[in-house]
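First up is the structure itself, then whatever we jot down about it.
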Amino acid sequence: MPAATVSTPYQHRLTVRGPTQEYRWSMPSAPGLRVTPEGLLAGSPEQAGENSLAAVIAAADGRRREVTLRLPVNPLPLIASDPVQLRAGSPADQALKVTGGTPPYAWSIQGGVLPAGVRLDPDGRLRGVAKDPGTTTVTVALTDRWKASTQAEIELKVEPPSEEPPKKDDQAKDEEQDGEQKQDGEQKSDDQQKQDGQQQAQQEDAKPGEQKQDGQSQQQAAKEQAAQAAALNQTAADRWLDQLPEERRDTLRYQLLDGGDKAPTQRGRSW
């Protein structure tokens, strides 16, 4: 069953797994506890620890069974009054300590004032950022699940902010690392400039050869175009001359093509 707190009012409804019918509960007297016929266990347990309670359940159909109820009982809550140390300017998230009682707990301030910038949340944690160094005492209170309550005085000491300068050795080491990084950066920059210069020189050396090759390619393309044009002219002329009488073909071919393939003839004789 759910845990109880010693000497604190407690109650829990007992349930039965079985057919739907009426069930009746009974239990011999137990220190501070009793059970109703309907199964409501209530009272204020008088002894902390594991409590074993003998009970009897009777069904409407005549069956009955003896059972043992196990009830853990916690001692009363007690707040630890250990001093709490905080540091000005640093975030705080520190839980107050408690023993006994039954969670969940509800915390609150009953007396005194917390350091400026610090608060106590209901879950028992000090949160915030303390502003000023100093020492103060507050009274905190706690209530557990069964309304068992307690309170205690706690001293809170806020230390000055931490402003430790870097150690000399560490500072020298950092400066040395910065110098090495700077030197590496300068060396890398020089190497990069040298590499870029070499690449640019290679590109410039390659340009004359490329230009010469481009000129030869253009000349070759011009020759090929001229040859193609001459072949087209020859073909067109041949097609047109083939439509004329045979005695006029040689003469016209000679005139059109600057001599053609052969000299013209007229009535069987050469000109």
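Any read-out appearing in this document is the output of simple, stated calculations on the displayed coordinates, not a laboratory observation. All values derive from a computational prediction rather than experimental measurement. All Cβ positions, glycine included, derive from the backbone under ideal geometry; neighbour counts span all protein chains shown.
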If I model region 4-74 as equal point scatterers sitting on the Cα atoms and use the Debye formula, what is log10 I(q)/I(0) at q = 0.18, 0.25, 0.27 Å⁻¹? -0.67, -1.11, -1.25
Short version: ³J(HN,Hα) in whole Hz for each residue of region 38-46, in order, from phi by Karplus 6.51 cos²θ - 1.76 cosθ + 1.60 (θ = phi - 60°), x for Gly and Pro, what are they? 7, x, 9, 8, 8, x, 10, x, 9
Return P(r) of region 33-115 (all Cα-Cα pairs; 5 Å bins starting at 0; whole %; ordered from short to long distances). 3, 8, 15, 15, 11, 10, 8, 8, 7, 5, 4, 3, 2, 1, 0
Built amide H within the under 5 Å cut-off of residue 145, gap 5+: 102
P(r) of region 78-159 over all Cα-Cα pairs, binned every 5 Å from zero, in whole percent: 3, 16, 28, 25, 15, 8, 4, 1
What relative contact order, as a whole-number percentage, does region 103-164 give when Cα pairs under 8 Å and 6 or more residues apart are counted? 34 percent
Using mean Cβ contacts within 10 Å as the protection proxy, how do 10-23, 136-149, 28-41 order, highest first? 136-149, 28-41, 10-23
Would you mind checking which residues have amide H under 5 Å from residue 97's amide H? H placed 1.01 Å from N; only 5 or more apart, or other chain. 80
What percent do you get for the relative contact order of region 4-74 when only Cα pairs under 8 Å and 6+ apart count? 36 percent
Environment charge of residue 142, counting only residues whose C-beta is closer than 12 Å and scoring Lys/Arg +1, Asp/Glu -1: +1
Explain nothing, just compute: Karplus ³J(HN,Hα) = 6.51 cos²θ - 1.76 cosθ + 1.60, θ = phi - 60°, for every residue of region 68-76 in order, whole Hz, x for Gly and Pro. 10, 9, 10, 10, x, 10, 8, x, 4
